[in-house]
Ligand code: SF4
Ligand code: SF4
């Protein structure tokens, strides 16, 4: 199963490639809401907020929260919008697929991203029908989703660089809708995960790229957990979008993954380090990552 010089995209399972196509060619062009010129004035912000959250959960999301729009979080190539709020929602990845860390996990990631983008477009258009501008913000959107998820009270950033949710652990993905519709902000919450990360080094120990720094670092004037992206990248590319750091995070036990994490906890005890974990994953997936050289495209 070893492949040399094969592209990241070309090694993806067919369903992942299909979902990427649908997101790029169908959902992305329709992400801006069509705004009804006959606006429904919002009389009761609390009731409207509840209604928007109900819609999101009814569409199938697992968690939802609302943050204030803040142009300081824009990506450099994005333009500021006249939006005031960001509705952020998350959908869990099937944990048994996610921990495969092979093609099956990659298929699961893109299934979840497709569903999230689809939900976000539908929510944006619902808001547009009320007469307010709105835009679906997927992971190609205007701003970093984990920052807004934190501001919306959905979780805290872990040492592994991803958001950790009290309900979904590290096994979920995010999307958002930014809008001018008046809504009630949830705001960030302290779940105590930062203290847990300060005394836990499991993701650092099991990262095959040695990319997760054990202590906080100063990056662009901010002291925070830091993942060395260039060190992660080769492993991310060859291991079908490596997610070992998400798989081994013991905060997965805080919510609905408590029982499912027991098998991973046993693997962690038995394989002991990153090399042992990669070997175990190779045995389970039938992949051989030792000689894979992968180009990005
Ligand atoms: S594995 Fe440990 S250190 Fe890493 S994100 Fe999870 S709790 Fe934090
Ligand atoms: S994705 Fe893999 S290589 Fe990258 S930081 Fe996580 S464990 Fe390390």
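The values are calculated or read from the model by the stated rules, or taken from the named source; none is laboratory data. This structure is a prediction, so every number in the text was calculated from the model and none was measured. Cβ coordinates were reconstructed from backbone atoms using ideal geometry, including for glycine residues, and neighbour counts include every protein chain displayed.
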What number goes with the only condition from (1) within 20 Å of the chain's Cα centre (by Cα); (2) surrounded by fewer than 21 Cβ atoms within 10 Å (Cβ to Cβ); (3) modelled with pLDDT under 95 that residue 188 does not pass? (3)
Checking residue 163 against (1) touching a helix residue (DSSP H, G or I) at 6+ places or on another chain (Cβ under 6 Å); (2) closer than 30 Å to residue 124 by Cα; (3) within 16 Å of ligand 1 (Cβ to nearest atom); (4) outside the structural domain of residue 81 (by TED's automatic domain parsing), which test does it fail? (4)
Please go through (1) outside the structural domain of residue 124 (by TED's automatic domain parsing); (2) within 28 Å of residue 84 (Cα to Cα); (3) within 16 Å of ligand 2 (Cβ to nearest atom) for residue 208 and return the number of the only condition it doesn't satisfy. (2)
